[in-house]
Each structure stands twice: as structure tokens, then as C-alpha cells.
1. If the Cβ limit is 8 Å and pairs must be 6+ apart or interchain, which residue in segment 278-303 that is over 21 Å from Met64 (Cα atoms) pairs with which residue that is modelled with pLDDT under 95 and surrounded by fewer than 20 Cβ atoms within 10 Å (Cβ to Cβ)?
2. Give the residues of segment 199-224 that are assigned to a strand (DSSP E or B), touching a Gly at 6+ places or on another chain (Cβ under 6 Å) and among the aliphatic types (A, V, I, L, M), sorted by residue number.
3. Quick check: is even one residue across segment 91-100 exposed (fewer than 15 other Cβ atoms within 10 Å of the Cβ), under 24 Å from Ser260 (Cα atoms) and in contact with a strand residue (DSSP E or B) (Cβ under 6 Å, 6 or more places away or on another chain)?
Amino acid sequence: MRDIVIIGAGPAGLSAGIYGKRAGLDTVIIDESGIGGGQVLTTYDVDNYPGLPGISGMELGTKMHEHAIAAGVEFMEARVQGIEDGGNVKYVKTSSETVEAKTVIIATGAVHNHLGIPGEEELGGMGVSYCATCDGAFFRKRVTAVIGGGDVALEDAIFLARGCSKVYLIHRRDEFRGAKKLADIVKSTENIEILYDTVPDSIVGSDAVEGLNVHNVKTNETKTLTLDGVFIAVGTHPVTEYLKGVLDMDERGYIKADESCATSVPGIFAAGDVRTKQLRQIVTAASDGANAVTSAESYINNL
């Protein structure tokens, strides 16, 4: 029986693996991709990870994976299909076998909702982004667009307006879903142009984003916005479908857990973007991995 089974090999899972091995615990990471690093691998540049300004997402994710391997973390390539709580024993059911563990750390992350329009996937990391706080610095004095109408979209537009020459805020309805206070700031910010009742049709560009085709849903008028970056803020969803009925989640499917990473089930912990939290970034995911192992070690010591 393992001391810790970690599900997911992104920054949270890899950090947990490293801390688990340093604590002398029998630790294994289960991940279906077989490539450690998680979503950070698809990020073009990471400019806000302390000590490594300008590092590419691929390099950072690879270094984290290599660090875990050097620490002696064992990896298992499999898809986790469910977890059963057996009290002092947890049963992690995968596509190939059932693994028994004293504790489980869930670090499967969250994925951004996509628009599904032409150019979105092709220009991902080349002007198309899902995180203004991650990538906004690369667009200083440039023209960008934010797509969405909730709190995140409003916050992204405000954030980008501080450095961009102009920000289009594109929303399919005639009023925002986000907080009125944020909406008021957006409306009073000179370099933010709001396009209500508007939806994106396609993102254009060869090697980088060059424009965005949009149309008004009421007038059916179409036009092309010339710009350098498109920030998509239409929500995220956690990878927790396989955990329904196992532990407490919020209405969006995020696992309820605080900074200790403890969930509603003793011995099961949640780290990184998969849990309820204010900020989902690489640095907060890595810190969650450390916290989760500290909590897991304390739990094991009290068995």
C-alpha cells in the first residue's frame, strides 16, 4: 500500500511528488498523458514565476518533471476512473488496476472553456490566451480583446487596460453578468471599448494573431478588429467528473478545500487549480502541492 497517490502531473502534482519523496513517503504520481508538466507545457512564455523570468512553459514544465524524477518519484501512466474511500485505505481505480493508498492528493487541475471558433487552437500561445495575468505583460502598448462578460472578463479588461494601448471588451449580451463595481470601472476606462451584443466568429493571423472577426447578434453587422492579442474569459471547469459523490464540491465542480488542501473526506486532499481558491497560477499550484503533502504526512502520522 502506498503512502501517497497523487493524481495529476502538473505543477501541483509534481510539487507534491517532490515534497512527498523528501519526506520519505512512498509516493506515486498517476497521470494519463505520460508527459509531466501539465497545461504549463502549452504556455508560450511564463513571465511571472519567481526567479525564472521569460522561461517558456515547455521548459518550466520539463524542469519540474525532471526534478520529480531526480527526487525518485515514481510515475504511472493511467486514467483514474474513480476513488473509493475505505477509511484508512483509499482505493484509486485506474484504467489498468486499483491502487491502494493511505492518502490521495487530487491535482488534476482545471481547463479553460474554449470558444470553438476558427483560429483559436491554431493561434494558441501566439496571441490567443486564457490568462491575462499570465500573458498580459507581453502586450504592452498593443491592442487586445477580451471575450466574456463575467467577473473574470471584466477584471482582465481592467488589468490589460493598464498596459495596452486599447482593449476591446466583447460580450454577447447587452449587459454584463459580472459585478456592477467592476462594470462601472470598465465603462469609465478610456482605452476600453465595449462591444455589446457581439460574438467572435474567427481569429485571424498567420504566425501570430492579427485580427478578430466579429458580428453583432442584433444587427448581424460584421467587422474585423485589427489587434495583437485575444484573451478568452468564458469560464473554466475542473477535471473532477470522476469524483462526483465522493467528496464535497461547489456548484461548478471545484473541490471544497482551504489552504491545508484537506477535503471533506479525511485522507483525501486537493491541490492546485482543482480546488476552491482565489488565484489559479503556477506558483499557487506548486505551493498547494507542498501544503497537501504536509497535511497528508500529518494524517498518516495519526493513523
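1. Correct list of pairs: empty, since none qualify.
2. Correct list: Ile203, Val204.
3. Yes, the conditions are met somewhere in segment 91-100.
Okay, residues lined up against (1) more than 24 Å from Val28 (Cβ to Cβ); (2) part of a loop (DSSP other than H, G, I, E, B):
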site: Pro50; (1), (2): yes, yes
site: Gly61; (1), (2): no, no
site: Glu66; (1), (2): no, no
site: Phe75; (1), (2): no, no
site: Lys93; (1), (2): no, no
site: Thr108; (1), (2): no, yes
site: Glu121; (1), (2): yes, yes
site: Thr144; (1), (2): yes, no
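The values are calculated or read from the model by the stated rules, or taken from the named source; none is laboratory data. As the structure is a computational prediction, the values presented were derived from the model and not from experiment. So basically every Cβ, Gly included, is an ideal-geometry build from the backbone, and we count neighbours across all protein chains shown.
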